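Notes follow once the structure below has been shown.
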Amino acid sequence: MNISELKSKHKPLKQMTYEPKELYRGYTDRTLYINLDTNDVMIKPVPARMKEKFIGGKGYGLRLLWDATKPETKWNDNENEIVISPGPICGITQYAGAGKSLVVAISPITDIVIDSNVGGFFGPFLKFSGFDALELQGKAKNDVIIVIDGTKNTVSIEEAPAEEIDSHILAEQLTEMYSDSTDPRDMKNISVISAGHAADHTMIGMLNFSWFDIKRKKCRLKQAGRGGIGTVFRNKKIKAVVVKSAGVTQDPNHVANMEAIKERGARFAREMKELDPHQCRMKQEGTAHLVNIMNDYNLLPTHNFKFGSHKNADALHSRVWNKKFTQGMNDGCWIGCTMNCAKAVDNFVLKSGPYKGQSVIVDGPEYETAAGVGSNMGIFDADTVIELNFYCDTYGIDTISFGTMTAFAMECFENGIITKEHTGGLELKFGNIESALELIHQMARGEGFGKIAGLGVRGMKKYFAEHYGADMNFMNDIGMENKGLEYSQYVSKESLAQQGGYAMTNKGPQHDEAWLIFMDMVNNHIPTFENKAEALHYFPMFRTWFGLMGLCKLPWNDVEPENNAQTDEPAKVPEHVDNYVAIYNAVTGSNIDKHEMIRQSERVYNFQRTFNIRRGYGLRKHDAQPYRAAGPVTVEEYKSLEEFYDKKMKEDIGVDPAGKSVEEKVAITRKYRENRYEQLLDAVYERRGWTKNGVPKIDYMKKIGMDLPEVIEVLSKHQ
């Protein structure tokens, strides 16, 4: 069908016209609420107290979701919401990385709040259309498209039966359908949120946010990947959300001090031009430059995190990605981003699945994808990684979860926990490309072992134990999940701080909260429990701030000023911290300092912890980690680095390994490392103002200004 035929099959369910409202210093002070049970569309004011305490972005999402749900609300209940909020700085074009949105919902795989950050143009365009956040609640009877038209100031809900589901097609269809013309200058003013077929059948569905690449004349996609929000999206029968903008002006946020923003932006642009080629090469390789670095430091997850390096890792080396990625293109996922790290593979011909033989653009792979669907699954073939990347994206599957849960299934297969009888003939051995590809296509079709694998690691553990009699203790040791969320792609065994940075997260193990491996393991800058606790206070709070503002983290520390190593705290990149304080003040007209920045985050961070507690989680037992995150589970693992582990046993534990069996050494190492992690929990909880059970203390909540009555009511039951 052509675009006109597709549009003719739409059935209007609701249209509302609203009064336009310009942004003022980063805010419109109102949100858009849509209920698909009733097709109600409402514009709600943002209370002054909400703005003060929750700032924007993730903060607004948490506040709105708390108000919309009850403690017992399940992910597939009608009252669960998807909230999308960009934050006050989002939308400026004079400083790199200012196009992020934060998406929150009750997660299908964790049963707590998940938050996921995403680029693309949707967040800025939502703001320019007049809204600080979008709430999606209820369930449609049939597939619908929601259209927010900021040029006509209308919001509409339309049944849309004929369009494709998979994102790489749907984004193109809807961009053309709702654009004023096929002129790229018009098409760039459309952004689409979509999921894909696999989001209908798995618990690890994700969302794609589009932008139209004028030079390529194609839609590009960025992902809100974590925690199954795409699964919630499709459960609500949402096919897509479309936003249409009138275009981008020099100052759409109507900031307080544009000159200050321009000055900081120009300074950062010079750093990117002069320093990036000699530092991380983000413009050439994006985050994929990390693969060989992680392999060199034994941090590259391999064979379900058993190992940290592999002899074939050069097949995924940064120089390989440099050749695969199209060079010399403007690869920013928001206007004005001088980092240009959203790399892509153009004209890639697919070798499998429903689009076999078609030439497509593939966004990425980024490091997490290259490690997750590559080395962690034992696949050292760049073209296979690219193909899996494409299908994860268009089907609506989180590449991080897919890599970690498939690696878990592969290890279970190699240990005889599951067999070809259970997998329907799939030989899920590490490195089996054919089986890995077939598995992802089964997920999209909702067939075979793909339905079981799509439950995620925690769901598979339960299923294998109940149906196949598998040893739950062993699966808990090797199943790389915490709180139900699959681990992102760094080996944390030799970094106690990174173990905490993963397992103490509010949402589950995602590196965007704390990445401390080099500070801890390589540079030994945080040797004591107190040092680690301080780092596990500051960095999660600082990184939370990006999610309040609508900012990307990468410009903070993936290029550093030339003199950064000579500063007092180089890990914090103090000049860039000062940039962010200055930009926040310049946008909003505020006068905060770097300390208030952390307090802003503390309030929201502790609110999220309280939200988890309200739902029956958020306690010390929920911060437990799978042992593989801390040390060698199996004899094979220990023997792969036996000399290293023996040395650590002698120096750190004070036990001579001589004459001991490998099994004995595994047990001794485990006891020591598990005890160290418990000591870390104590130290971090104390620094964060929490009880030994991981509950924020009421006095501390008063100190930071998050002593809202509803918060205190929850916490008072656990003091």
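The values are calculated or read from the model by the stated rules, or taken from the named source; none is laboratory data. Because the structure is a prediction, the values reported are computed rather than measured. Backbone-built Cβ (ideal geometry, glycine too); neighbour counts: all protein chains shown.
Before moving on, here are some points about what is shown:
- The listed residue being in a loop (DSSP other than H, G, I, E, B) and either crowded, with 24+ Cβ neighbours inside 10 Å or not aromatic (Phe, Trp, Tyr) (or both), out of GLU427, GLU434: GLU427
- Residue tally, condition of a type in the set (A, V, I, L, M, F, W, C), part of a helix (DSSP H, G or I) and surrounded by fewer than 24 Cβ atoms within 10 Å (Cβ to Cβ), over region 391-422: 1
- Restricting attention to region 209-246 and to residues that are surrounded by fewer than 24 Cβ atoms within 10 Å (Cβ to Cβ) and of a type in the set (Gly, Ala, Ser), the residue that is nearest to VAL113 (Cα to Cα) turns out to be SER245.
- Checking each residue in region 684-694 for being assigned to a helix (DSSP H, G or I) and crowded, with 20+ Cβ neighbours inside 10 Å picks out VAL684, TYR685, ARG688.
- The set of residues in region 180-193 that are without any contact (Cβ under 8 Å) to a residue 12 or more places away in the chain and either out of contact with any helix residue (DSSP H, G or I) (no Cβ under 7 Å at 6 or more places or on another chain) or surrounded by 19 or more Cβ atoms within 10 Å (Cβ to Cβ) (or both) comprises SER181, ASP183, ASP186.
- Considering only residues in region 615-655 that are of a type in the set (Ser, Thr, Tyr) and in contact with a Ser or Thr (Cβ under 9 Å, 6 or more places away or on another chain), the one that is surrounded by the most Cβ atoms within 10 Å (Cβ to Cβ) turns out to be TYR645.
- All of (1) touching a strand residue (DSSP E or B) at 6+ places or on another chain (Cβ under 9 Å); (2) closer than 30 Å to GLY332 by Cβ hold for LYS9 with one exception: (2).
- Some residue of region 472-492 being more than 22 Å from ASP111 (Cα to Cα), of a type in the set (D, E, K, R) and surrounded by fewer than 22 Cβ atoms within 10 Å (Cβ to Cβ): no
- Complete set of residues in region 651-686 that are more than 31 Å from the chain's Cα centre (by Cα) and in contact (Cβ under 8 Å) with a residue 24 or more places away in the chain: VAL662, GLU663, LYS665, VAL666, THR669
- Of all residues in region 657-673, at least one satisfies being within 22 Å of MET504 (Cα to Cα) and surrounded by fewer than 15 Cβ atoms within 10 Å (Cβ to Cβ).
- Test for LYS594: is it in contact with a strand residue (DSSP E or B) (Cβ under 9 Å, 6 or more places away or on another chain) and at pLDDT 95 or above: no
- Residues that are among the aliphatic types (A, V, I, L, M) and surrounded by fewer than 24 Cβ atoms within 10 Å (Cβ to Cβ), drawn from region 447-459: ILE452, LEU455
- Exactly one residue out of ASP699, ASP707 is surrounded by fewer than 15 Cβ atoms within 10 Å (Cβ to Cβ) and over 28 Å from SER488 (Cα atoms): that is ASP699.
- Residues of region 187-210 classified as polar (S, T, N, Q) and within 22 Å of LYS451 (Cα to Cα), total: 3
- Wholly enclosed strands (runs of 3 or more DSSP E) of region 143-236 bearing at least 1 residues in contact with a Cys (Cβ under 7 Å, 6 or more places away or on another chain) and aromatic (Phe, Trp, Tyr): 207-213
- Qualifying residues in region 493-542 (those that are assigned to a loop (DSSP other than H, G, I, E, B) and polar (S, T, N, Q)) - the one nearest to ARG226 (Cα to Cα): GLN510
- Of all the criteria given as (1) within 30 Å of the chain's Cα centre (by Cα); (2) part of a helix (DSSP H, G or I), the one not satisfied by LYS648 is (1).
- All strands (runs of 3 or more DSSP E) inside region 87-139 with 2 or more residues being under 17 Å from the mean Cα position of the chain (by Cα): 101-106, 113-118
Residues checked against (1) assigned by TED's automatic domain parsing to the domain that holds ILE165; (2) charged (D, E, K, R); (3) more than 30 Å from THR93 (Cα to Cα):
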| site | (1), (2), (3) |
| --- | --- |
| THR302 | no, no, yes |
| PHE307 | no, no, yes |
| LYS311 | no, yes, yes |
| ASP314 | no, yes, yes |
| SER318 | no, no, no |
| GLN327 | no, no, no |
| TRP334 | no, no, no |
| PRO354 | no, no, yes |
| GLY357 | no, no, yes |
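- Some residue of region 34-42 being over 29 Å from LYS507 (Cβ atoms), surrounded by 16 or more Cβ atoms within 10 Å (Cβ to Cβ) and under 29 Å from the mean Cα position of the chain (by Cα): yes
- Pair list, Cβ under 6 Å, 6 or more apart: region 499-519 residue farther than 16 Å from GLY547 by Cα, other residue assigned to a helix (DSSP H, G or I) and among the acidic types (Asp, Glu): ALA503/ASP623; MET504/ASP623
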